[in-house]
Each structure stands twice: as C-alpha cells, then as structure tokens.
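Heads up, the thing below is written out as structure tokens.
The values are calculated or read from the model by the stated rules, or taken from the named source; none is laboratory data. Bear in mind the structure is a predicted one, so any value in this text is a computation, not a measurement. Every residue, glycine among them, receives a Cβ derived from its backbone with ideal geometry; neighbour counts consider all protein chains shown. Note: areas computed on protein heavy atoms with side chains; ligands, DNA, RNA excluded. Shrake-Rupley method; radii C 1.70, N 1.55, O 1.52, S 1.80 Å.
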Amino acid sequence: MGQLSVYLSFDEPIGNFWIDTGLVVLLRQFGEGEHSVERVREWLVSQLVQPSGNKGKYYDQNSGQFREYDKVNWIYPANIFIKVSGSAPKIDVEIEGKKEKVFTSPPTFDLSLKFSKRPGKCDFCGDQALLAEAKMWMYPFVVDPDKFGTFYSGTKRALRLCARCALAGMAGYLGWLWKAQGNEALHFFIFHSEPREMKRLQEEVLEPLRLKGDRSGTAPVAFAGPYTHETVWGLLLKLFTHVRNSDLLSEEARDLLASLLGAGKGGPPPAPITLYAVTGKPGQAFSMRALREFSKLQHLYRLYESWEKIIAEKNINKNPHQHIIQIFEQFWAQQGQNRETILRDKIAHAILEFLDPSPFVEQFLFDARAKEENPRPLVRGTLEILGKYLQEVFGMDEQFQRILAGFGYSLGSAAREHEEVGLLYALRNAKNPEDFYRVLNDIQFRLEITVPEVLLRIEKGERIAGVPWVRVKSLLSIYAMNAYLRKTTPQSGVQTKEA
Ligand SMILES: [Zn+2]
C-alpha cells in the first residue's frame, strides 16, 4: 500500500478550479514527477493541522496519571469542511467515583485514503487508476459553477478518485484565499488559469500579498462586506493597486500581474485568469449562498487604468489608487450598529458584469446620503469615474455628459436656494418619459432655469441623445442631488477625508 505513487505534472490540469488549485499547491511543494502517495498525504495533513491553543488531558497508563497536551485541529476555515475528529484509544477511568472514557494518548488527526484493489474510472479526471472513496464534503467546491443548483444532491454518494485527484483535492484548502465577516459571511477566492501561470501567480503575487496572522482572513482586500460582489471588487481593487507600484511585490511579480491583467510589456499574451468566489455562512457546516465566476479581469483592469488617469489629470488626489478605493468604499449606510453595504454590492456587481451602476448610485444618494443627519455629497471624483465608465462600457457621448452635469449642477444649486428638494425627488421618481418631461417642466417653471434643448428631444426606443431615457434621468438626478448636498454641507470638514 505504501508503495503507491502519484505522478504530478504541469501539463495535465483537469479543468476543475478546485482540483487544479490543489495540483499547483502540490507541484510547488514536490515538483513534477513520481511521488509517494503516503509522503504527499503526510505532508498535507501536517499543513492542515495546527495547534488550537487549547489544552487537553489524556490518561498515561504507564504512570497512572493524567497528562496535559496541546490540542490540535484542522486549520480554519478548512475545519468547517473536514469533519474528521482526532482519534486515540480510550479506556474507562474512575474520576471522583464516576467512570469516564478518556484518551490514553493525545488524539491524532488524520485523513486516510484507502485505495481499491482494482482500477476503475476516476470521477474527476476519468483516468483508469486505483480509486479512493472520498466523501463529497472533503471537496467543497468541486462542482461546475453552472450546476451549482445540483451541488447538494451529490453529497450522498462518495466520490471515487484516483490518487492524484484525491491528494490535489485535499491540497485545494491550501491554495485559496478567504475572508470572514464575523458570523455573517465567509468568502473564498480561487484563481484559476494554466498551471504554470497559476504557480507563478501563487508564488510571486498571492503569497507576498496574503495576510498572515489575521484571524479574519488571508485575502488582501481594499474593503469587504457580507456580500459576494463588493468583496470580490475589494480584492480586485487591492490587486490592481500593486501592478504599477508595490511595496510587497518584486518587479518580476508586478510584470507578471500586469501581463495576467492584459497590461504587460509585450510578449505572448498569457492564459486569461478566472476568479472564482464562493460566499456562504459559516457555522457548524458551511452553507453556500453563491458561487460565481469572474473572467473579464483584463477588461476591468483597463477600466481601472482609465480612472486612475482621470483622478491624476484632474488633480483630485495625488494617490489615485487610494482615491479609487475611497470612491467605492463610500457606498454604505449606517443601520443601527451595522454598516449596510447592499448598495455597494449592487454597484460592484454592475461593474464586474459591465452593467449600469447609475441606478444604485442614484438610490444611494437619495435614500442613504440625503437622509443622513449631516448629509454629504459623494466623494470627489465619483461622478468622473461613473462618467468614464458609461463612456467606455456604453459608448455614452462625453459632450452629452457634460451638458447633463452642467444642467444637473444648476438644478441642484437652484433647488437648494429655493428649498425645493421635493423637485429632485420627483425627478428621481419619474417612471416614464412623460413623467420625466412633466417634472422638467415644473423645474423650469419653479426654479426659473432653462432645460437644455438636447434633453427635450426624445428619439425612437425612448432614448435621449442615444441614451435610454431612464439612464439620463438617473444621471441628472445624481448630478442634481450631489450639487444640492454640496451646497448643504458646511464647507469645513467636508474635504478633510479626501484631501
Ligand atoms: Zn483523477
């Protein structure tokens, strides 16, 4: 049995992000070639088990006394999935007149793999090999993201795996990044690409950036919350800040990251990377809420670079990276003791999927910011970034944006002067073009400002200047309410955080 060996190679990924991640972990440790299954398994257990910080007692039969030992457990958060407890022989001992079962040595934690005598087909890679029966819970994410719905139905049957897939599956726990949000949410991040690229990504980029000794996780994030998309976005923004300048990454590592994000200095384009994010609720067991795949990281990075340029060009902040983070970080609202970040999640979701975030920015301004005790406008640069995004993703005309911004500013300022915030809400609440024009008419009359002509021409498909009317309405509401709030806020104290 101990003679069984496993062949590890960079050239044979199986295509599943969990198994391949583990395969890369094993390749980093052992290199390509033939390895003893037992040796690999022992190493994995040694990496997955650690002192828990608690003490236990066992009964030493030689001396007839209890002795203390340091308890160990599966490392967090792998222990939520690996449901095998430590074991040791037990005997009955009389303690204060009562019989109790006690360990006779410190319990050991182990993951055994028992292989069949005859070869069969591996459930993952399809190879003909001796197979180990493995419980599904050991391999939490070995599921096709598209078939997420059927995940739990598969849990009853044990998987039959070849030695390579079984070991790589265990090693998957060592290749993820994670972030915990108290008892609310636990996020896992797994990058997947061609194995050689993944090895370099893990070694050169993720390892130096991985947080150590932080009980809330290993994922470096610009911000995080209980929802998937905001936290994915927080992670990507953090990665993006290290591409051009980094106190943690070497120049080679930065070049690698740049090339993986499609911003390399030339040479053959690398295999694209995909980011898998799994969110669930921690507890006795892990309750999975979402498993998502993000593959357009290169496109996102290009957007990020265009924002960086704007922040620098407009002298908004000397540190554009930090400023972009501040812009996205701001979308939370105080609710009792908690920060509610659902709108930040929706904005992040829109950006990650190249959808329109403006309705959520609008909602944030009107329903969260405007209702605060001391309402503040958006962080400077937010509107510039939103505008750039709409230009890049939806081809919105820059000139038209300027007209909207200018008119929105006059409208918000006039609403402030005349104390007519109701008009802004009426604008925000417009449900159709007729409504929209009725409110504009009201605005013209009550605030005595002129509506730009371009807004008055509605085209086929309910578009204005080529833009769906509802986006025009949202943008105008955003510009106007932001100007309104800017005029509300006393000048001191506003700029301090952004300076
Ligand atoms: Zn296999």
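Figures for the structure shown
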read-out	value
Of all residues in segment 95-125 being closer than 26 Å to Pro51 by Cα, in contact with a strand residue (DSSP E or B) (Cβ under 7 Å, 6 or more places away or on another chain) and of a type in the set (D, E, K, R), the one that is farthest from the ligand (Cβ to nearest atom)	Glu100
Strands (runs of 3 or more DSSP E) within segment 15-111 that include 2 or more residues among the small types (Gly, Ala, Ser) and within 23 Å of Leu4 (Cβ to Cβ)	33-36
Evaluation of Ala168 against (1) modelled with pLDDT of 85 or more; (2) assigned to a strand (DSSP E or B) (one fails), failing number	(2)
Criterion: modelled with pLDDT of 95 or more and closer than 17 Å to Val393 by Cβ - qualifying residue of Ile327, Ile342	Ile327
Residue within segment 397-415 that is open to solvent by less than 40 Å² (accessible area, probe 1.4 Å), farther than 21 Å from Ala370 by Cα and hydrophobic (A, V, I, L, M, F, W, C) present	yes
Per-region count, segment 156-174, residues open to solvent by less than 10 Å² (accessible area, probe 1.4 Å) and more than 16 Å from the ligand (Cβ to nearest atom)	1
Unmet requirement for Leu249, which otherwise passes all of (1) open to solvent by 40 Å² or more (accessible area, probe 1.4 Å); (2) more than 21 Å from Glu230 (Cα to Cα); (3) not in a helix (DSSP H, G or I)	(1)
Phe360 being open to solvent by 20 Å² or more (accessible area, probe 1.4 Å), of a type in the set (Phe, Trp, Tyr) and assigned to a helix (DSSP H, G or I)	yes
So Lys199, is it modelled with pLDDT of 70 or more, more than 15 Å from the ligand (Cβ to nearest atom), basic (Lys, Arg) and open to solvent by 50 Å² or more (accessible area, probe 1.4 Å)	yes
Pairs with Cβ under 9 Å, 6+ apart, first in segment 77-93 and open to solvent by less than 80 Å² (accessible area, probe 1.4 Å), second at pLDDT below 85 and outside any loop (DSSP other than H, G, I, E, B)	Phe81/Trp137; Phe81/Met138; Ile82/Trp137; Ile82/Met138; Val84/Met138
Qualifying positions in segment 126-135 - under 9 Å from Cys162 (Cβ atoms), more than 9 Å from the ligand (Cβ to nearest atom) and among the hydrophobic types (A, V, I, L, M, F, W, C)	Leu130, Ala132
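Conditions tested, residue by residue: (1) open to solvent by less than 50 Å² (accessible area, probe 1.4 Å); (2) touching a residue at least 40 places away in the same chain (Cβ under 8 Å); (3) not aliphatic (A, V, I, L, M).
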residue: Val6; (1), (2), (3): yes, yes, no
residue: Phe17; (1), (2), (3): yes, yes, yes
residue: Gly22; (1), (2), (3): yes, yes, yes
residue: His35; (1), (2), (3): yes, no, yes
residue: Glu38; (1), (2), (3): no, no, yes
residue: Arg41; (1), (2), (3): yes, yes, yes
residue: Ser52; (1), (2), (3): no, no, yes
residue: Glu68; (1), (2), (3): no, no, yes
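A quick yes/no check of all residues on (1) among the polar types (S, T, N, Q); (2) under 12 Å from the mean Cα position of the chain (by Cα); (3) under 18 Å from Ala348 (Cα atoms):
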residue	(1), (2), (3)
Ala158	no, no, no
Leu174	no, no, no
Ala185	no, yes, yes
Arg200	no, no, no
Leu206	no, no, no
Val221	no, yes, yes
Ala224	no, yes, yes
Asn245	yes, no, no
Ser250	yes, no, no
